[in-house]
Every structure is written in structure tokens, then in C-alpha cells.
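Reviewing the structure listed below.
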Amino acid sequence: MLLPRAILFDLDGTLTRERIDWSALRSELNIPAHQGFLEALEKMDPDQRARVQQILHHHEHQAALRSELNDGCKELLSWLDDRGIARALITRNTRASVRTVFDLHGLHFDVTITREDGVYKPDPTPLLRACQKLKVSTDQVWMVGDWKYDIEAANAARITGIWLSYGRERTFEAVPDHTVKDLPALWQWLKQLCEQRV
Ligand SMILES: [Mg+2]
């Protein structure tokens, strides 16, 4: 395994702690468990979509304001900076909520792709677009995320997919290339790869 030239990160549940109670929101908005929120929105009529979007934006904004970084996030990102390993953020969130999280925690990314960019995970397009912008090929990057959309998108893009398990059993079909417990474990592994290279 080679050290990646760039890492693509998911945001919620990966860099930050998950703050939205998605199952409560599903019940409130009547969205079935098998369907993603954005996918459900696409199928709604304009009035319903506007109403649901407003509720969703409210929850996302509140979650961003209360966001907390996961353990090891700052250390990992600064280590990547020191090694010149680029990074992109790939999220299904709004640009506004991402901006709130970045400002709150002083984060910066070389490339940020949000749902306003049009196509979102599990479609591989945002990952491929990030690689283009970072000027790296797909075999030189990793996608790191905590949910099936991250792994499905990585697999479809033929990018090494790293699943953060937090010790959970995997409940989705997509198979990640690697599973690590959390960000400190990911950092540890990257450091090992770095040492092996010398
Ligand atoms: Mg996530």
C-alpha cells in the first residue's frame, strides 16, 4: 500500500461528529429508510420540496453551528499539511453549512465539493471532479468516509475506499478496500506507510 497523494474526506460523521438525528428527521418528513434525503427531495412536487428543503436546511444549519470535530481530526489534517498530502472535502451538505463548520474550526481544504455542485455521492462524479481539480489520478487518492455513500462512490470511481467503522458492524453491501476504526487509527496507519517509504 502506497501513501496517497491526496485524500478525499466526507464531513459528517467523518471529520465531525454526527449531529443530526436522521431517523427522527425521516419520521418527521415521512422519508422511508431506504431512500436518501436528497434523492427523496428530487421526487417531490415543488411545494412539498420547498417545505422539506426548508426544514432540512434548518437542521443542517443548527448541526453546523453545534458541530464538533472528531478526535484526531486537527492532528491528522496538520500532519497531512506537513507532508504535502492534498485534501478535498466531498459532502452532500450545503455550501453554507460547510462554510459554518470551516469557520468555526479553522479548517481549510484544497477543494470542496457540496451538493450545489449538482451530482452527489454515491455518484462517483464529485470524487472524479476533485481528482481533476487536485491534478491527481484516481489510483493516487483515498476516499475516507463513515457511510455507504462514501464507499459506493469510491468503488464506482475506482478509488481506494476507507471506511471509518467506529467499531460498528457494516450494515451495507458496498465493500470498502480498508476499514479503520477512527481518525487516530487512520493517522497511525498513514504514519506507518510514511515510515516504510523512507
Ligand atoms: Mg458521513
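Flag not set for Glu152, criterion: over 24 Å from Glu60 (Cβ atoms) and either out of contact with any helix residue (DSSP H, G or I) (no Cβ under 6 Å at 6 or more places or on another chain) or assigned to a loop (DSSP other than H, G, I, E, B) (or both). Selection of the stretch 11-52 for residues being within 16 Å of the ligand (Cβ to nearest atom), outside any helix (DSSP H, G or I) and not polar (S, T, N, Q) yields Leu11, Asp12, Gly13, Leu15, Arg17, Glu18, Arg19, Ile20, Asp21, Gly36. Which one is nearest to the ligand (Cβ to nearest atom), of the residues in the stretch 1-10 that are of a type outside the set (Asp, Glu), surrounded by 15 or more Cβ atoms within 10 Å (Cβ to Cβ) and assigned to a loop (DSSP other than H, G, I, E, B)? That would be Pro4.
In the stretch 115-141, the qualifying residues are those that are over 20 Å from Gln53 (Cβ atoms) and of a type in the set (Val, Ile, Thr), and the one that is farthest from the chain's Cα centre (by Cα) is Val136.
How about the stretch 131-158: which of its residues are closer than 11 Å to Ile90 by Cβ, within 16 Å of the ligand (Cβ to nearest atom) and not charged (D, E, K, R)? Those that are closer than 11 Å to Ile90 by Cβ, within 16 Å of the ligand (Cβ to nearest atom) and not charged (D, E, K, R): Met143, Val144, Gly145, Tyr149, Ala153, Ala154.
Since every read-out is calculated from the coordinates, none of them should be taken as a lab result. Keep in mind it's a predicted model, so treat the numbers as computed, not measured. Please note: Cβ atoms are built from the backbone with ideal geometry, for glycine as well, and neighbour counts cover all protein chains shown.
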